[in-house]
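Q: This is the structure I have questions about; it appears just below.
What follows is calculated from the coordinates using simple rules that are stated; it is not laboratory data. None of the values given here were measured: they were computed from a predicted structure. FYI the Cβ positions are ideal-geometry reconstructions off the backbone, even for glycines, and counts take in every protein chain you see.
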Amino acid sequence: MVSLCCGNLEIEGESSSAVATYLRVKELDLIFDLGRCPMSFIGTSHVFISHFHLDHYFGIPIYVSQRWLNGIPPGNIYVPKEGTDQLRELIERISLLDCGKVWDYHLTPVEVGDNIPFRENLVAHVLPLDHRVPSVGYLVCERRAKLKSEFFGLPGPEIARLRRDGVAVTDRVELPLIAYLGDTRTVAIDSHPLLKQCQVLICECTFLLPEHRARAAQTMHLHLDTLPALLEMFESEHIILTHFSRRYPPEMIRKRIHAVLSPEDRSRVQLLI
Ligand SMILES: [Zn+2]
Ligand SMILES: [Zn+2]
């Protein structure tokens, strides 16, 4: 399993097109996609699934059953609403086949535009993607209270007094921490006003070679051709590229990506290979 450091977040997992993508951010207690489920992911409470291609959700039954077997309360699994009922049926059938009982599990259907509060101060915004089956991205933001500008410079006890008197002294602001863009052909940067500022961007880049342009279009994946323009749209300090086609050896991936990156982008881009 690969582990990449992005400031104070560590992204662990693996990602290979059509094989499996599963990524965990331990500090945020979340998983993006679960194409397989390593045992070390079982204790993580929140799972955000991008779409129902097997390489992105095949690990769900293991996640659900291992939590159940170990007496851990069900995790929160968020899935695109199209397909939720089929997944439910699948989990229950596997569960009955496995032990004659239905495991405890918790699925939440999501759709583009949803805001999902999870943990005390985090929210996931559901973003539109563009793929062969309904596919969503996630932008996870930290919610913070920020002192309203009219109270800047006031001494602490004075602010405390205003608060006691019922004055709303703070605004709620959101800090975009991490965005996950699973399988997609295009990226709609305007789908959320904070998307371009996310500190960490995880984005697929399945196809690299000129002869695979048609394949990228047909299977609705990103191609290296579009990468420079895409990176230019993002202010992110850290960018992780994922989901490379398994036809490319790692050395070739490094070389091809390196060749199209500007010197600034070379210092912020990491490859999950
Ligand atoms: Zn995939
Ligand atoms: Zn896919």
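Matching residues to (1) away from ligand 2 (no atom under 16 Å from the Cβ); (2) over 16 Å from VAL126 (Cβ atoms); (3) among the polar types (S, T, N, Q); (4) surrounded by fewer than 14 Cβ atoms within 10 Å (Cβ to Cβ):
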site: THR184; (1), (2), (3), (4): no, no, yes, no
site: ALA188; (1), (2), (3), (4): yes, no, no, no
site: LYS196; (1), (2), (3), (4): yes, yes, no, no
site: VAL200; (1), (2), (3), (4): yes, yes, no, no
site: LEU222; (1), (2), (3), (4): no, yes, no, no
site: HIS238; (1), (2), (3), (4): yes, yes, no, no
site: SER245; (1), (2), (3), (4): no, yes, yes, no
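Q: Another one. In the list THR206, THR242, THR219, which residue meets the criterion of being touching a His at 6+ places or on another chain (Cβ under 7 Å) and closer than 23 Å to ILE49 by Cβ? Working first, answer last.
A: On the way: THR242 fails: touching a His at 6+ places or on another chain (Cβ under 7 Å); THR219 fails: touching a His at 6+ places or on another chain (Cβ under 7 Å).
That would be THR206, the only listed residue that is touching a His at 6+ places or on another chain (Cβ under 7 Å) and closer than 23 Å to ILE49 by Cβ.
Q: Starting from the stretch 26-50, take each residue that is on the phi > 0 side of the Ramachandran plot and list its partners that are part of a loop (DSSP other than H, G, I, E, B), counting only C-beta distances under 7 angstrom and pairs at least six apart or across chains.
A: Matching pairs, first to second residue: ASP29/THR44; ASP29/SER45; ASP29/ARG119; ASP33/ILE49; ASP33/SER50; ASP33/GLY182.
Q: Then there is this: Test LEU97 against the criterion of being farther than 30 Å from GLN270 by Cα and away from ligand 2 (no atom under 16 Å from the Cβ), and give yes or no.
A: yes
Q: Quick one: is ALA179 within 16 Å of ligand 2 (Cβ to nearest atom), hydrophobic (A, V, I, L, M, F, W, C) and surrounded by 17 or more Cβ atoms within 10 Å (Cβ to Cβ)? It would help to see each step written out before you state the result.
A: Details: within 16 Å of ligand 2 (Cβ to nearest atom): no; hydrophobic (A, V, I, L, M, F, W, C): yes; surrounded by 17 or more Cβ atoms within 10 Å (Cβ to Cβ): yes.
Judged against the criteria, ALA179 is not a match.
Q: For residues in the stretch 45-88 being within 16 Å of ligand 1 (Cβ to nearest atom) and part of a helix (DSSP H, G or I), which is farthest from GLY182 (Cα to Cα)?
A: Only one residue fits best here, namely ILE60.
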